[in-house]
Amino acid sequence: MKFHILQTAKLSPKLDAELENEFYVHRQWEQDCIEKYLSEHGDKIQGVATCAPVGVSVELMKMLPNLKVISSRGVGLEKIDFDAARTKGIQVGGTPGVLTDCVADLGLALLLDVSRQVSAADRYVRKGLWLEKKYPMTASVSGKKLGIVGLGQIGRAVASRAAGFNLTIHYTDRQFLADVPYGFEASVVELARWADFLIVTVSGGPATHHMISAEVINALGPKGFLINISRGTVIDQDALVNALINGDIGGAGLDVFNDEPETPQELWALDNVVLTPHMASGTAETREKMEDLVFENLTTFFATGKVKTPAF
């Protein structure tokens, strides 16, 4: 028996083909008017395959009266309303764990790049400027202080990598964590005031909106560096742009932004910021594992009544 699922966006040729082979797939992006389409077909659909940037809105859930399971690619699930899903008895599966290492790797890469100005120095060489004068001094990394905002799986993976650079590590989280050897700061402001580098690894959503405020950025100061591998909404982007332009912060490494794929054009010409296109989990190996989990969460649910990796 083939179950009907709604696929909200293209995921990958491999996963798209697997879903098509296993289920009756209704492709949301092909419909001119999804409301009209689901008014005719929505009652057949019992599952949704989606991804973190798209999610599943409350409005969409209402158009799927027999929805039982949502399977999403990505660790960020803030675009799925968990309260609505719980109320309706809908199970939600994510892809935790499999992307932790790659996201942490990029976090350290951004930290190293912006402090040692690898990308900026590369541009300097390519423009022939080295022929005219030596490149300016950069900031060292080893032996300094790293503050981690959010010590979940990714935050802990960042910490384990940072130990190799002999960085002293403090963190802030919703509460003190007795199972880690790192220093605890009760507020993000105090952590920023202490740190040379501040890396953000919290989840997105209303609870963390603008957690990295102008006050936090000012506390980090003109010799401090900010790295964001979480969600763009966690940082007050306007305040950060102003700080980078005015030299009120040493630099930033940013993989995420408020209105992706739009990025602040004021930053494009600055050498004290490294910009990457939300690529932290974007390795072939990690994406394949994530997509395998999207498929397995759906098939496992329809076989057993439970997703393999529940989000709650």
Have a look at 216, 256 and point out the one that is among the aliphatic types (A, V, I, L, M), part of a loop (DSSP other than H, G, I, E, B), without any contact (Cβ under 8 Å) to a residue 40 or more places away in the chain and buried (at least 18 other Cβ atoms within 10 Å of the Cβ).
256
Within the range 61-79, considering residues that are β-branched (Val, Ile, Thr) and at pLDDT 95 or above, the one nearest to the chain's Cα centre (by Cα):
70
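Residues 189, 241, 200: which one is modelled with pLDDT of 95 or more, out of contact with any Asp or Glu (no Cβ under 7 Å at 6 or more places or on another chain) and not acidic (Asp, Glu)? Step through it out loud before you land on a result.
Details: 189 fails: out of contact with any Asp or Glu (no Cβ under 7 Å at 6 or more places or on another chain); 241 fails: out of contact with any Asp or Glu (no Cβ under 7 Å at 6 or more places or on another chain).
Exactly one residue qualifies, and that residue is 200.
Here's the yes/no breakdown for (1) closer than 27 Å to residue 281 by Cα; (2) touching a residue at least 60 places away in the same chain (Cβ under 8 Å); (3) among the aliphatic types (A, V, I, L, M):
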| residue | (1), (2), (3) |
| --- | --- |
| 144 | yes, no, no |
| 149 | yes, yes, yes |
| 168 | yes, no, no |
| 174 | yes, no, no |
| 185 | no, no, no |
| 191 | yes, no, yes |
| 194 | no, no, no |
| 197 | yes, yes, no |
If you scan the range 12-54, which residues turn out to be among the polar types (S, T, N, Q) and under 26 Å from residue 284 (Cα atoms)?
12, 21, 28, 50
Just name the residue that is surrounded by the most Cβ atoms within 10 Å (Cβ to Cβ) out of those in the range 81-127 that are in contact with a Lys or Arg (Cβ under 7 Å, 6 or more places away or on another chain) and modelled with pLDDT under 95.
95
Restricting to the range 58-69, name every residue that is within 20 Å of residue 307 (Cα to Cα) and outside any strand (DSSP E or B).
61, 64, 65, 66, 67, 68
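Look through the range 18-59, keep the residues that are free of Cβ contacts under 8 Å to residues at least 12 places away in the same chain and either over 18 Å from residue 302 (Cβ atoms) or in the same structural domain as residue 230 (by TED's automatic domain parsing) (or both), and return whichever of them is farthest from the chain's Cα centre (by Cα).
Restricting to residues being free of Cβ contacts under 8 Å to residues at least 12 places away in the same chain and either over 18 Å from residue 302 (Cβ atoms) or in the same structural domain as residue 230 (by TED's automatic domain parsing) (or both), the top hit is 40.
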In the range 1-17, how many residues are in a helix (DSSP H, G or I) and either hydrophobic (A, V, I, L, M, F, W, C) or in contact (Cβ under 8 Å) with a residue 24 or more places away in the chain (or both)?
3
Consider residue 134 carefully, then state whether it is crowded, with 16+ Cβ neighbours inside 10 Å and either under 25 Å from residue 292 (Cβ atoms) or without any contact (Cβ under 8 Å) to a residue 60 or more places away in the chain (or both).
no
Can you find a residue that is without any contact (Cβ under 8 Å) to a residue 40 or more places away in the chain and more than 22 Å from the chain's Cα centre (by Cα) anywhere in the range 270-293?
yes
Hits in the range 139-198 - residues which are aliphatic (A, V, I, L, M), more than 23 Å from the chain's Cα centre (by Cα) and within 16 Å of residue 112 (Cα to Cα)
139, 141, 167
Is the range 42-59 home to any residue that is basic (Lys, Arg) and within 19 Å of residue 3 (Cβ to Cβ)?
yes
What residue, among those in the range 191-213 that are within 16 Å of residue 78 (Cα to Cα) and among the small types (Gly, Ala, Ser), is surrounded by the fewest Cβ atoms within 10 Å (Cβ to Cβ)?
207
Has the range 125-136 got at least one residue that is touching a Leu at 6+ places or on another chain (Cβ under 9 Å) and at positive phi?
no
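The values are calculated or read from the model by the stated rules, or taken from the named source; none is laboratory data. Keep in mind the model is a prediction, meaning the values are calculated, not measured. Heads up, the Cβs are rebuilt from the backbone with ideal geometry, glycines too, and the neighbour counts pull from every protein chain shown.
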